[in-house]
Structure formats: structure tokens, C-alpha cells
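I have placed the structure first, in the form of C-alpha cells, so that the comments after it can refer back to it.
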Amino acid sequence: MNKARYRGVFPVVPTTFTDAGELDLESQKRCVDFMIDAGSNGLCILANFSEQFVLSDAEREQLTRTILTHVGGRVPVIVTTTHFSSRVCAERSRMAQDLGAAMVMVMPPYHGATIRVGEPQIHEFYARVSDAITIPIMIQDAPVAGTPLSAGFLARMATDIEHVAYFKIETAGAASKLRELIRLGGDAIEGPWDGEEAITLIPDLDAGATGAMTGGGYPDGIRLIVDAYAAGRREQACDLYQRWLPLINYENRQCGLLACKALMKEGGVIECEAPRHPLPAMHPATRAGLIELARGLDAQVLRWGR
């Protein structure tokens, strides 16, 4: 982990739409500029918090090209390439690499509520994706996949499969799982990362996490916590975490993926905060609570575009 290529705060970039549901690429570029200016060490695109599940394949490619070109190497970019098909996931990952991705993030293969495969097929799935590329693979271990991935199995894939090196752990008991993953995988675990909007950030850092993939609305706040911790100032990091925790909790438990765009719209970063149908809009009262908390913290997102 001391030789990790990527560490720090890599928030998820939301996908910006017009009121009519079309891609808004100008807002998308401003969104990326804000997130870099706010201190992101890197970015992740096309994740679930990017509403990747409402995008066509053509739109995915268009967004990948547009964002990577606009970032222009200012920070490394992780591209989510999840798909049930090993072949499609490998093709998506190769394209992302060719366009300049620093890493790909991939969930285990699943479809709907019941279609899953066993560990042999999951192992082969990641091996085939690895064979198609030369950049790192981050395995996203999240409840949405409905696929149990034990620390032992994850460590074995890190040891067996060349480019499997990063892990975003978002399951219950994340800190314990991170500790066990690091213990079992040793040097093969290049990047044990926190996720789930940083709601378990301090326990995960205590467990050895070296990266955090959060929502994109306030990288400035998350950087304060992670930087203090990385510098050995744990007490300061905990104090900062307690300060930002009400907003972190509100995003995770009340708003979900809609929080980031609501903050960006309020601050003039993007033109429209609407999700793509059939996702419902945030309730106005919920939105008001989000803005109130962010304003009390003087979050950069509320003044960047003004």
C-alpha cells in the first residue's frame, strides 16, 4: 500500500441532464472543473451515483470521451465499466483505457434481484477483464450487486489476477472487512478504499483505507478529513469528521445520488439538477435541509459558480 499509485479523495462525478433529459455537456464540464478546484485527488465517472443505469452505450462513450478530454490529465480518472457480460465489460474497459482512464471500477456480474453467478465464474470474469487491459481494476463490493464477496475471495483474486489491486468496500462492517482483506492479501492489496459517501470514513481509515470514493458535492470537506488523517493528525481528522458528519449522513440517508446535483445547482455550477426519468426528483423539504447543512459549513459548492 505504500507504493499505491492512487490514494486520497476520488469522488463520483454526477451525470448532468437538461430538463428534457438530454445530456448537458457544458454543465458536465463545469461540474468536473468544480470538483477538481474543490480538491479532488481524482474522479470517478459512470458510477451508480452517476446514474450509469439510465445511460445508453453511446452516451457512456460520449461522456467518457468528453470528460477525459476536458480533465486533460489534471487528475486521474476512474471509469466504471460494470456489465454482466465478461466480454462487454472487457470491451468497455479497453475503451476506457484507450481514452485515458487511470483505472476501471467493476462490480461483480449480476442482473436484477436474482441472477447471479458463483465464485468460479466471478474469478474468471475479472481475469478476462484483466487480460484485456493494463491499468488497475477496482472491485466495487456493494450491497446493490447482491453478491457476497468474502475478504478471502477478494484477497485471492488480488493475488491471482494481475490487475485486480483496488477495492471499494461498501458492505456492512466495512472496517472489519478492510482489515481482513489487508491481512490476507498483503502487498497484493494496493488500494483498500472507503465508499458509501464516507459515512464510515474514520473507522475505515483506522482499518487501513488509503482512498475514499464519496459523493461529489463537497470534496473540499472530505479532503480536510483525509489529509489530516494521512498526516498523522487523527484527533484533528476526527474533529473535522464530526463537523461534516451531519451533511455526510444527510446525503447518505436522505438524498442519495440526488444530493450532489442539488448542491451544484444551488451554487450555480450546473444548469439543471433533475435526474433522468423514471428517477423521482428530491422532495423540496429534503432539498432545503441539504442546502441548510451545506451552507452552515460554507461548502465551496455553494459559492464556486456565483
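Here the contact order of the range 1-160, divided by its residue count and restricted to Cα pairs under 8 Å and six or more residues apart, works out to 18 percent. Mean separation of Cα pairs under 8 Å and 6 or more residues apart, divided by the residue count, gives the range 131-233 a relative contact order of 23 percent.
Over the chain, DSSP H runs of length four or greater, each weighted -39,500 (n - 2.57), average out per residue to a 222 nm ellipticity of -14000 deg cm²/dmol. Please label the shape of the range 123-236 as rounded, prolate or oblate, based on the square roots a ≥ b ≥ c of the eigenvalues of the alpha-carbon gyration tensor (a/c under 1.5 means rounded; beyond that, a/b larger than b/c means prolate, else oblate). The shape class here is prolate. Charge tally around Thr171: other residues with Cβ under 11 Å, Lys/Arg +1 each, Asp/Glu -1 each, net -1. State, as an integer percentage, the relative contact order of the chain based on alpha-carbon contacts under 8 Å between residues 6 or more apart. After rounding, I find 21 percent.
If one computes the Cα centroid of the range 238-306 and of the range 52-94, what distance in Å separates the two points? Using only Cα atoms, the two centres lie 25 Å from each other. Highest average first, the peptides 113-121, 95-103, 44-52 ordered by how many other beta carbon atoms sit within 10 Å of their residues are 44-52, 95-103, 113-121.
Coordinate-derived values only; no laboratory data. This structure is a prediction, so every number in the text was calculated from the model and none was measured. Backbone-built Cβ (ideal geometry, glycine too); neighbour counts: all protein chains shown.
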